[in-house]
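Values in this text are rule-based calculations from the coordinates and carry no lab data. Since the structure is predicted, the reported quantities are computational estimates derived from the model, not experimental observations. No Cβ is skipped: glycine too gets one built from the backbone with ideal geometry, and neighbour counts run over all protein chains shown.
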Amino acid sequence: MTKKQVEESIAYLQGKGFEAPEVGIVLGTGLGQLIDHIEDKIEAHYNNIPFFPLATVEFHSGKLVYGNLHGKKVVVMQGRFHFYEGYDLIDVTYPIRVMHGLGIKHLFISNAAGAINPAFKKGEIMLLEDHINLQGGSPLAFKGVAQFGERFVDMSQPYDKAMSDTLKEIASQENITLHEGVYAAVVGPQLETRAEYRMLKIIGADAVGMSTVPEVIVANHLNLPIVALSVLTDECDPDNLAPINIPEIIEVAGKAEPKMIRLFTELIQRL
Ligand code: HPA
């Protein structure tokens, strides 16, 4: 990745009309319906954007969508790149650099995650308060990083406090249960063993998933304020662990999604 490549991606999108978006949004697995709320849409398929990571066949629908959401200009990633698909962490986070270059001032991230904290139930939502990177790498560990900013990025407050507080306020006004907790990012794509779920609990994780943390690290590299929500799709109780059911995970994500959309669309109006 070079600065010039990122600039060419940005120029292509600006040429298509992606003019000065204020907010970037990353939609997680099973969480695509927010797109229906966007007006005056312009779309760019990942495969057509110069220097974007090449989308795999199973991922052909991945696209960036630009438009208006409650009067604010947004750019939305419908489908993200995962480390477990074989992309490296620089590829996974490339779109964040491009959205930042387009001008976004805030980033909202969503994901589907397993609940580790026994008080958190499937179908509920967790606001990320902090995270643990268990992916064994960093999107900042590359030779040219100095071209893009600091090497030693502070992570003492990775999630934006003001936007997080606003989300909690909205949740309480709208009667939406919003937990707060620590998200652990693993590589996947295999799910965790019982012993791994026990370990995750011991080390302080409240939820576990296979994404988000690389994007959050790069957003911090760019000084881009972020909030992130996990839709909890399954309960990871090591002593009563049923085999994973992926269709059910996607179904639970879809059912909880309206609450996530409510939180994000209300937040956008209060920025
Ligand atoms: N583990 C990892 N990723 C997940 C899970 C899980 O239990 N549920 C949804 N995404």
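Just for the chain, what percent of DSSP beta bridges are antiparallel, to the closest 5?
35
At 222 nm, what value in deg cm²/dmol follows for the chain if DSSP H runs of at least 4 each add -39500 (n - 2.57) and the sum is divided by all its residues, to the nearest 500?
Taken over the chain, the calculation gives -10000 deg cm²/dmol.
What FRET efficiency, computed as 1/(1 + (r/R0)^6) with R0 = 22 Å and r the Cβ-Cβ distance, is obtained for Glu8 and Lys41, rounded to the nearest 0.05?
Working from the Cβ atoms, E equals 0.45.
Counting alpha carbon pairs within less than 8 Å and at least 6 residues apart, what relative contact order, in whole percent, applies to the range 138-271?
34
Within a Cβ distance under 14 Å of Gln14, other residues only, what is the Lys/Arg minus Asp/Glu net charge?
Counting the neighbours of Gln14, the net charge comes to -1.
Just rank Tyr84, Tyr12, fewest to most, by other beta-carbon atoms within 10 angstrom.
Arranged by neighbour count, lowest to highest, Tyr84, Tyr12 become Tyr84, Tyr12.
Mind sorting His131, His70 by how few other Cβ atoms lie within 10 Å of their own Cβ, fewest first?
His70, His131
Hey, could you get me the Stokes-Einstein D for the chain, Kirkwood radius over alpha-carbon pairs, 10 °C and 1.306 mPa s, rounded to whole µm² s⁻¹?
Rounded, D is 85 µm²/s.
Using R₀ = 25 Å, calculate the FRET efficiency as 1/(1 + (r/R₀)^6) where r is the Cβ-Cβ separation of Arg198 and Glu248; round to 0.05.
Once the sixth-power term is evaluated, E becomes 0.65.
Applying 1/(1 + (r/R0)^6) with R0 = 41 Å to the Cβ-Cβ distance of Asn175 and Asp239, what FRET efficiency is obtained, to the nearest 0.05?
0.80
If you take every DSSP beta bridge fully contained in the range 111-261, what fraction is antiparallel? Give it as a percent rounded to 5.
Just about 25 percent of them are antiparallel.
Just grab the label-to-label distance for Thr265 and Asn48, each label 7 Å out from Cα along the Cβ direction, in nm (one decimal).
Simple spin-label model gives 2.7 nm for this pair.
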